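Colleague: Structure provided below as structure tokens; questions to follow.
Read the figures in this text as sums done on the coordinates, not as results from a lab. Bear in mind the structure is a predicted one, so any value in this text is a computation, not a measurement. For neighbour counting, all protein chains shown are included, and Cβ atoms are generated from backbone atoms with ideal geometry for every residue, glycine included.
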Amino acid sequence: MLLLIIGLVIFFASHVLPMQVALRRDLRERLGAKPYELGIIVASLIGLALIVYGYGKVQGLPGKNPILWVPPVWTKHLLWMIMWLAMILLAASLIPSRIRDWVGHPMLLSTQLWATGHLLANGSAAAILLFGSFLAWSVLDLISVRRRGAKGPLGARTATAGGDAAAVALGTTAYLFMLLWGHAWLIGVAAASFSFAP
């Protein structure tokens, strides 16, 4: 659990820093734009790696990850549907599309859906800590980017004719990969192994 907590602290510290406009500007001036951006990226990747490793390691350890509540089976099925939409929105954050223009910040909405769906379908202490933290951060970050007028990773690029289709195709492909193989590989839990039994 400790590695998970350390990873969350590092990851969110690297993401909360850009929300502090004055501090961000001061660091960019002192360090230079490229070293500052590289430092943010490296810290984010280190935090993310610790989160994935720490969360995977704590799964199934007796007494290390208490179950606080037992979700109904239908929440697992709901999660599958939510994650398909979340992956399409994640793809839309990287592709100029009408989906991105309509949503505004699809990556943050994708994170909110991912976190909410996993909170509904998991009742362990580690899951509530992990997904609750990401849900809280994504809500705060959405408020911040709207106040700052930030446009996201694609900037002001306009939608292309095939952008919506590309986002749906890429998101669906990523969803199927995670559902069938990726989740088990990264987290150690096979997403498609959930039973449909009541």
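Colleague: Considering only ALA166, ALA33, ALA121, give the residue with the highest GNM mean-square fluctuation for the chain, with springs between Cα atoms whenever their separation is below 10 Å.
Modeller: ALA33
Colleague: Nearest 20 debye, what's the magnitude of the dipole of the chain about its Cα centre given +1 on Lys and Arg Cβ and -1 on Asp and Glu Cβ?
Modeller: Value, rounded to 20: 380 debye.
Colleague: Using θ = phi - 60° and the Karplus form 6.51 cos²θ - 1.76 cosθ + 1.60, what ³J(HN,Hα) does each residue of the stretch 85-99 get, whole Hz, x for Gly and Pro?
Modeller: Coupling constants for the stretch 85-99: 5, 4, 5, 5, 5, 4, 5, 5, 6, 10, 10, x, 8, 5, 4 Hz.
Colleague: Along its principal axes, what span do the Cα atoms of the stretch 1-58 show, with the longest given first and each in whole Å?
Modeller: 40, 18, 11
Colleague: Here's something else I'd like to know. Give me the percent relative contact order of the chain, please, defined on Cα pairs under 8 angstrom at least 6 residues apart.
Modeller: In percent, rounded to a whole number, it is 25.
Colleague: Counting only helical runs of four or more DSSP H residues, what would the 222 nm mean residue ellipticity of the chain come to if each run contributes -39,500 (n - 2.57) and the total is spread over all its residues?
Modeller: So the calculated ellipticity at 222 nm is -22500 deg cm²/dmol.
Colleague: First measure r as the distance between the Cβ atoms of ILE67 and ARG98, then evaluate 1/(1 + (r/R0)^6) with R0 = 30 Å and state the FRET efficiency to the nearest 0.05.
Modeller: For R0 = 30 Å, the calculated efficiency reads 0.10.
Colleague: May I pose another question? Return THR158, THR116 ranked ascending by Cβ neighbour count within 10 Å, so the fewest neighbours appear first.
Modeller: Ordered from fewest to most neighbouring Cβ atoms within 10 Å, THR158, THR116 come out as THR158, THR116.
Colleague: Taking Cα centroids, how far is the stretch 76-149 from the stretch 14-64 in Å?
Modeller: Cα centroid to Cα centroid, the span is 18 Å.
Colleague: Rank the residues VAL70, VAL21, VAL168, VAL139 as a footprinting-exposure proxy: fewest other Cβ atoms within 10 Å of their Cβ go first.
Modeller: Least crowded to most crowded, the residues run VAL70, VAL21, VAL139, VAL168.
Colleague: Classify the chain from the C-alpha gyration tensor, please: rounded if a/c falls under 1.5, else prolate or oblate depending on whether a/b exceeds b/c.
Modeller: oblate
Colleague: Give me a comma-separated list of calculated 3J(HN,Hα) values for the stretch 118-126, in order, Karplus coefficients 6.51, -1.76, 1.60 applied at θ = phi - 60°, integers in Hz, x for any Gly or Pro.
Modeller: Using θ = phi - 60°, the values come out as 6, 5, 5, 9, 9, x, 7, 4, 5 Hz.
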